[in-house]
Amino acid sequence: SIKPILVYTPLFERGYTPDSIVKDTAIENGPVNSPNVYSGSITLRYAVKTSKNTIAWKYFEEMGYDTCIDYLLKMGFTNIVKDDYTPAMSIGGMTYGASTYEMAYAFSTLENQGVFRNPTCIKRIEDSFGNVVLENGKNETGSVKIYDANATLMMTDTMKDVLISGTGKNYNIDNAICAAKTGTTNDNKDSWLVGYSKYYTTAVW
């Protein structure tokens with residue numbers, strides 16, 4: 001589920017689109033797809049929808065570990081260590097992983113057209129007369145531009161397909177337009193779903 005924020009949105013910033021054609025082929029000493037199928041020439045939209053490990057791996061290496069991981073560091077991911085600067089990072093192979101909290105506010109950055117805001121549960125507190133008791137400016141004061149807005153719009157449009165006909169089709173809802181990305185580890189020991197609508201961003205492990 002880390003692929004959109006680590007690989008694909010940065011790729012969309014570099015001239016690629018959801019309809020760009022990429023090659024899904026086996027990589028020597030690289031990852032396998034789940035299931036173990038290679039589809040040849042496919043669109044990036046299809047690669048995201050079917051969660052192709054090979055494509056994420058290939059373009060993570062092409063853009064560079066430092067380039068891609070820097071996006072996560074700017075959004076406050078705290079458990080990234082030196083040993084994570086390997087191709088396995090592109091498909092979630094991290095030493096200590098990421099929290100649902102970190103994943104949720106990173107995905108909310110996509111919905112917010114690339115602007116990261118410090119997460120907070122409280123925006124304002126008023127008393128029963130409407131007087132402001134607390135005004136929490138944390139959201140606004142911590143805003144940082146992470147992604148190009150056009151890249152995030154393409155990413156959102158691409159992830160809608162994940163819920164319509166992709167790996168997350170069992171989790172789509174009827175009363176809102178949503179975008180999401182699933183994630184699993186070997187033997188389904190871990191399962192993730194991270195996604196958002198206009199109103200909410202949710203990360204489930």
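The values are calculated or read from the model by the stated rules, or taken from the named source; none is laboratory data. Everything quoted here is computed from the prediction, not taken from an experiment. Please note: Cβ atoms are built from the backbone with ideal geometry, for glycine as well, and neighbour counts cover all protein chains shown. Surface areas here come from the heavy atoms of the whole protein model, side chains and all, with no ligands, DNA or RNA. Shrake-Rupley method; radii C 1.70, N 1.55, O 1.52, S 1.80 Å.
Remark: residue 189 falls outside the filter, which requires a residue to be open to solvent by 10 Å² or more (accessible area, probe 1.4 Å) and under 15 Å from residue 110 (Cβ atoms).
Per this entry, residue 181 is counted among residues that are open to solvent by less than 40 Å² (accessible area, probe 1.4 Å), among the charged types (D, E, K, R) and within 19 Å of the chain's Cα centre (by Cα). Output the residue which, of all residues in the range 156-177 that are open to solvent by less than 60 Å² (accessible area, probe 1.4 Å) and of a type outside the set (S, T, N, Q), is nearest to residue 199 (Cα to Cα). Only one residue tops the list, namely 176.
Here the helices (runs of 4 or more DSSP H) wholly within the range 1-99 that include at least 3 residues being open to solvent by 50 Å² or more (accessible area, probe 1.4 Å) and touching a residue at least 12 places away in the same chain (Cβ under 8 Å) are 65-74. Anything in the range 100-123 that is open to solvent by less than 30 Å² (accessible area, probe 1.4 Å) and under 11 Å from the mean Cα position of the chain (by Cα)? List them, or say none. Hits for the range 100-123 are 102, 103, 104, 105, 106, 107, 109, 110. For the range 132-155, name all the residues that are at pLDDT 95 or above and either open to solvent by less than 20 Å² (accessible area, probe 1.4 Å) or of a type outside the set (Asp, Glu) (or both). Correct list: 145, 146, 147, 149, 150, 151, 152, 153, 154, 155.
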